[in-house]
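Novice: Below are the structure tokens for one structure; questions will follow.
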Amino acid sequence: MQYRYLFFDMDNTLFDFDADEDQALAQLFKDQGVQLIPTIKTTYQTFNQNLWRQYEEGTLTREILLNTRFATFFKEQFNQEVDGPRLSQNYLDNLALGHDLMPQAEALLKALKAANIKLYVTTNGVANTQYRRLQDSGLITYFDAVFVSEELGYQKPDPRYFQSVFQQLEGISQAEALIVGDSLTSDVQGGQNVGVATAWYNPNQLANQMTDIQPTHEIEHLMDLLAI
């Protein structure tokens, strides 16, 4: 199958979100007088991932997630009262400064652009943060459009997310589209929900435990997309 339209997730697909998150969290916790030791970071990441999973499932709103996650975490872990919305904004400001790339990310985009493939960003992230990272990294120049859940009003894997994307890209063939991302429950499920092919970026060669979520393709390295 020849794919002419590629839709890329950002975090842990094009951008090394783990590295950017480490920097943002370290500064945030330092400002609160707490050292971000590995056990605390792991506990926070598990807590945060559960919140984003609830957001994907539609059981938690973006506003509640962003405004309460740090207040809840600091209260539960340190019995410390903090201003949740303020810490959330500080964290997002710190995160916006991070734009570490995944291996081969820019080389892949260059090759695809040279082959006249249309490239798009599809992310559940916060708009201001994601646009800043795309701009500062220089990756924004490779993309024909950027679609952020905050602006669309829907989040992956809600079928309305990609339905809205394709409505805005009037005239493109969904049969020639490929959704690329690291998340089975967000990117792959999102594509599956609207009948669009997917490529699961799985650099750590994790086993797929989701019997009901099956990607069309699986890649270990981003440049493997060229063979597809």
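The values are calculated or read from the model by the stated rules, or taken from the named source; none is laboratory data. All values derive from a computational prediction rather than experimental measurement. Because the Cβ atoms are built from the backbone with ideal geometry, glycine has one as well, and the counts that use them run over all protein chains shown. Please note that ligands, DNA and RNA were not included when accessible areas were found on the heavy atoms of the full protein model with its side chains. Shrake-Rupley method; radii C 1.70, N 1.55, O 1.52, S 1.80 Å.
Novice: Quick check on region 186-197. Is at least one of its residues more than 18 Å from VAL121 (Cβ to Cβ) and among the hydrophobic types (A, V, I, L, M, F, W, C)?
Specialist: No: region 186-197 contains no residue that is more than 18 Å from VAL121 (Cβ to Cβ) and among the hydrophobic types (A, V, I, L, M, F, W, C).
Novice: I'd like to check something: does region 73-87 contain any residue that is open to solvent by less than 70 Å² (accessible area, probe 1.4 Å), assigned to a helix (DSSP H, G or I) and either touching an Asp or Glu at 6+ places or on another chain (Cβ under 7 Å) or among the polar types (S, T, N, Q) (or both)?
Specialist: Scanning region 73-87 turns up no residue that is open to solvent by less than 70 Å² (accessible area, probe 1.4 Å), assigned to a helix (DSSP H, G or I) and either touching an Asp or Glu at 6+ places or on another chain (Cβ under 7 Å) or among the polar types (S, T, N, Q) (or both).
Novice: Another one. Which residue is nearest to GLU57 (Cα to Cα), if the candidates are limited to region 118-131 and must be modelled with pLDDT of 95 or more and open to solvent by 20 Å² or more (accessible area, probe 1.4 Å)?
Specialist: TYR131
Novice: May I ask you to verify whether ASN67 is open to solvent by less than 60 Å² (accessible area, probe 1.4 Å), part of a helix (DSSP H, G or I) and in contact (Cβ under 8 Å) with a residue 12 or more places away in the chain?
Specialist: Numbers: open to solvent by less than 60 Å² (accessible area, probe 1.4 Å): no; part of a helix (DSSP H, G or I): yes; in contact (Cβ under 8 Å) with a residue 12 or more places away in the chain: yes.
Considered against the rule, which asks whether it is open to solvent by less than 60 Å² (accessible area, probe 1.4 Å), part of a helix (DSSP H, G or I) and in contact (Cβ under 8 Å) with a residue 12 or more places away in the chain, ASN67 comes out as no.
Novice: Quick check on my filter: what residues within region 195-225 are outside any loop (DSSP other than H, G, I, E, B) and either surrounded by fewer than 11 Cβ atoms within 10 Å (Cβ to Cβ) or of a type in the set (Phe, Trp, Tyr) (or both)?
Specialist: The initial filter retains those residues of region 195-225 that are outside any loop (DSSP other than H, G, I, E, B), namely 197-201, 217-219, 222-225.
Matches in region 195-225: TRP200, TYR201.
Novice: Which condition from (1) touching a residue at least 40 places away in the same chain (Cβ under 8 Å); (2) of a type outside the set (Val, Ile, Thr); (3) open to solvent by less than 60 Å² (accessible area, probe 1.4 Å); (4) not in a helix (DSSP H, G or I) is the one that GLN2 breaks?
Specialist: All conditions pass for GLN2, except number (3).
Novice: Still on this model: When you scan region 30-64, how many residues do you find that are within 26 Å of PRO157 (Cα to Cα) and outside any loop (DSSP other than H, G, I, E, B)? Don't jump to the end; show me each part of the working.
Specialist: Here is the first cut: in region 30-64, the residues within 26 Å of PRO157 (Cα to Cα) are 42-64.
Next cut, outside any loop (DSSP other than H, G, I, E, B) only: 42-57, 62-64.
Residues meeting the conditions: 19.
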